[in-house]
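The values are calculated or read from the model by the stated rules, or taken from the named source; none is laboratory data. Predicted, not measured: the structure shown is a model, and the values here were computed from it. Glycine gets a Cβ as well: all are built from the backbone with ideal geometry, and neighbour counts include every protein chain shown. Quick note on the areas: whole protein, heavy atoms, side chains included, nothing else; ligands and nucleic acids left out. Shrake-Rupley method; radii C 1.70, N 1.55, O 1.52, S 1.80 Å.
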Amino acid sequence: MLMRFIPHGIALGIATGLLTTSAYAAPYTLTIFHTNDLHGRTDHYPQLITTLAEARERFGDGLLLDAGDIFSGTLYFTEYQGQDAIKFMNLMGYDAFVPGNHEFDLGNPEKGHQALAAFFAAADFPILGANLDFSTPPEFADQLGESISAEPQPGHLYDGIVVEHEGQRIGIFGLSTPSSDTISSPGNVMIGDYREAAEAMVAEFEAQGIDKIVALTHLGYDSDPSMGNDLLLAQHVEGVDVIIGGHSHTRLQTPVMLTENDRGEPIAPTVIGQAGEYGQYLGVMQVTFDDNSNVLEANGELLATEEREPDADAAALLAPFTAKIEEVRDTLIGARVVSTLPNPRHGNGDEQSVRADETALGNLIADGQLNAARRVDPQTVLALQNGGGIRGPIPVGDVTVGELIAVQPFGNRLTLMEVTGAELLETFEIALANVPIESGAFLQVSRGTEVVYDSRQPAGERVVSLKVIEDGTLQDIALERTYTIATNNFTAAGGDSHSALEAAYNDGRSTIVGNTDWEMLRDYMVSLGEVTYPVEGRIVDQARRD
């Protein structure tokens with residue numbers, strides 16, 4: 001179904017009928033194939049490769065773009081840190097890639113982004129990020145390119161590139177979400193304002209006579225407006241013709257065309273596409289430009305990869321990666337779960353959520369951290385685990401390494417911190433600010449900690465009492481006193497908006513002691529043997545008591 005320029009409002013492509021290569025009579029049609037948010041699903045590439053081959057045969061030559069978040073989410077990533085995925089991306093022949101927030105998950109305060117630099121270095125395509133500044137970390141020094149290149153080098157970093165397609169010059173630039181500063185670990189990679197970067201790129205392309213411009217974004221289709229999203233980009237930045245997006249995992253079955261700004265005023269059309277998640281779909285978009293290089297019409301669809309047979313060569317390439325993964329996945333740790341440890345989420349229909357309520361699994365993880373921390377410093381009073389870092393449940397039965405890595409896939413390390421009681425109180429105000437709405441900042445706490453709060457009160461004024469066990473009894477936190485606490489390096493450095501901890505971290509009051517999150521959980525579960533863990537009132541909402 002064609003989608004034509006409508007002077008007012010937003011026109012949605014309707015998924016009735018399939019794309020055809022003969023549907024256009026306009027002067028020029030740009031074809032784009034696109035993916036986003038694979039998140040370590042390396043085993044999905046063989047079917048994705050088959051789907052791409054069919055799409056190229058059906059629709060002809062086109063650009064192939066990926067909108068970020070190749071990293072994090074599976075044992076493949078834990079084991080290979082992207083070096084498996086890049087082999088398949090090179091095989092597919094991508095034209096450009098924009099880093100997502102999860103590309104920064106392995107950022108290390110001491111070593112930087114070694115895995116990401118290796119991923120970039122192995123790429124046969126350029127990496128784009130107009131609002132990303134990689135110039136400070138030394139690991140990217142050999143990969144820095146000019147702002148815009150018409151001859152981009154594989155594995156190099158650019159704001160944008162110029163490519164030719166059927167005799168037309170196309171400008172492509174990248175944008176990544178500013179929220180990486182709080183939900184990942186970019187470290188010395190600086191992330192700038194996405195709108196300012198987009199406006200600058202449009203101006204630079206137009207100065208070079210390029211009037212067909214594609215934004216490759218990891219902003220999210222309709223994500224948090226304070227951080228920016230594709231809809232806002234289309235409404236506020238003139239001159240962007242096409243947005244290929246990721247981050248929100250949105251399945252746009254057909255492209256969306258915006259023809260009005262946020263004030264309801266007509267603007268030149270911008271077409272937006274996003275292809276869901278995990279390589280389940282290959283996005284296809286065809287955009288036709290009129291003689292003035294304005295978008296005339298667009299259509300597109302998502303091709304389901306599960307409906308295709310795996311490419312034989314890609315399946316053979318995958319086999320040794322999978323064999324190693326299965327070996328790691330199935331290794332028993334020597335502990336047994338007696339009662340299921342769920343990981344509830346409101347989005348799954350659960351009344352409670354790991355990001356808004358105390359959970360048995362959260363208690364277990366925090367206790368494992370406290371156990372590891374006290375081996376280093378016996379004076380550690382409590383451990384904190386951000387709810388956003390707990391990603392899966394543990395079922396009843398003998399526990400495997402694979403199950404634990406699925407629970408904590410980011411490889412965060414134990415960090416000891418010296419904080420005042422006042423800073424600790426502020427930390428819990430941040431953690432509880434959104435309850436009952438889910439937030440990755442919500443903190444699961446270790447045994448011997450009691451947090452009482454009132455969700456009826458305004459954010460910043462919710463904590464009723466905060467107590468820890470000292471000398472065998474629960475005692476109120478003293479605001480002026482300094483306490484040793486444990487958490488992971490992501491939260492310690494201010495992840496999930498934990499600014500009070502970030503201040504202590506920046507003040508030099510933290511020490512990374514090396515234990516990896518899932519390994520601490522493993523060791524603690526092995527010490528227990530049989531694991532039965534309850535929700536026991538460590539975190540209590542007074543509003544539910546009254």
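Taking the charge dipole of the stretch 240-319 about its Cα centre, with +1 at Lys and Arg Cβ atoms and -1 at Asp and Glu Cβ atoms, the residue from 284, 274, 314 reaching farthest to the positive side is 274. Quick check: the distance between the Cα centres of the stretch 449-487 and the stretch 430-446, to the nearest angstrom? So the two Cα centres are separated by 14 Å. For the stretch 208-343, the fraction of alpha-carbon pairs lying more than 26 Å apart is 45 percent, rounded to a whole number. For the pair residue 322 and residue 294, the difference between a 0.36 nm per residue extended length and the Cα-Cα distance amounts to 5.4 nm. Using only alpha-carbon positions in the chain, the gyration tensor eigenvalues give semi-axes of 44, 25, 22 Å once each is multiplied by 5 and square-rooted (largest first). Among bridges DSSP assigns within the stretch 232-288, what percent are antiparallel (round to 5)? Once the DSSP bridges in the stretch 232-288 are tallied, antiparallel ones form about 60 percent. Between residue 374 and residue 147, the contour length at 0.36 nm per residue exceeds the Cα-Cα span by 76.8 nm. Of interest is the spacing of the C-alpha centroids, which for the stretch 206-220 and the stretch 334-392 amounts to 43 Å. Legend: calculated FRET efficiency, residue 391 to residue 336, from the Cβ-Cβ distance at R0 = 25 Å, rounded to 0.05, equals 0.70.
The length gained on full extension between residue 190 and residue 476, counted as 0.36 nm times the residue separation minus their Cα-Cα distance, comes to 99.0 nm.
Okay, helix-only estimate at 222 nm for the chain: each DSSP H run of n ≥ 4 adds -39500 (n - 2.57), divide by all residues, round to 500 deg cm²/dmol; what do you get?
Dividing the helical sum by the residues of the chain leaves -8000 deg cm²/dmol.
Here the dipole of the chain is about 1060 debye; that uses its Cα centre as origin and unit charges on the Cβ of Lys and Arg (positive) and Asp and Glu (negative).
Protein heavy-atom accessible surface, 1.4 Å probe, per residue over the stretch 134-208: 45 Å².
Annotation for the stretch 151-168 versus the stretch 276-330: alpha-carbon center distance of 21 Å. Solvent exposure of the stretch 317-436 amounts to 36 Å² per residue of accessible area, where only protein heavy atoms count and the probe is 1.4 Å. Note on residue 447/residue 350: beta-carbon distance plugged into 1/(1 + (r/R0)^6) with R0 of 41 Å gives a FRET efficiency of 0.95.
In this structure residue 473 has an accessible area near 70 Å², from a 1.4 Å probe over the protein heavy atoms. Peptides 166-179, 332-345 ranked from most to least packed, by the mean per-residue count of other Cβ atoms within 10 Å: 166-179, 332-345. Surface analysis of the stretch 453-495 yields an accessible area of 47 Å² per residue, using protein heavy atoms and a 1.4 Å probe. The share of accessible area on the chain that comes from carbon and sulfur is 47 percent, using a 1.4 angstrom probe. Where the alpha-carbon atoms of the stretch 132-199 are placed on the principal axes, they occupy 42, 28, 16 Å, in descending order. Taking 21 Å as the straight-line reach from the Cα of residue 324, the lysines in range (excluding those fewer than 8 positions away in the same chain) are 87.
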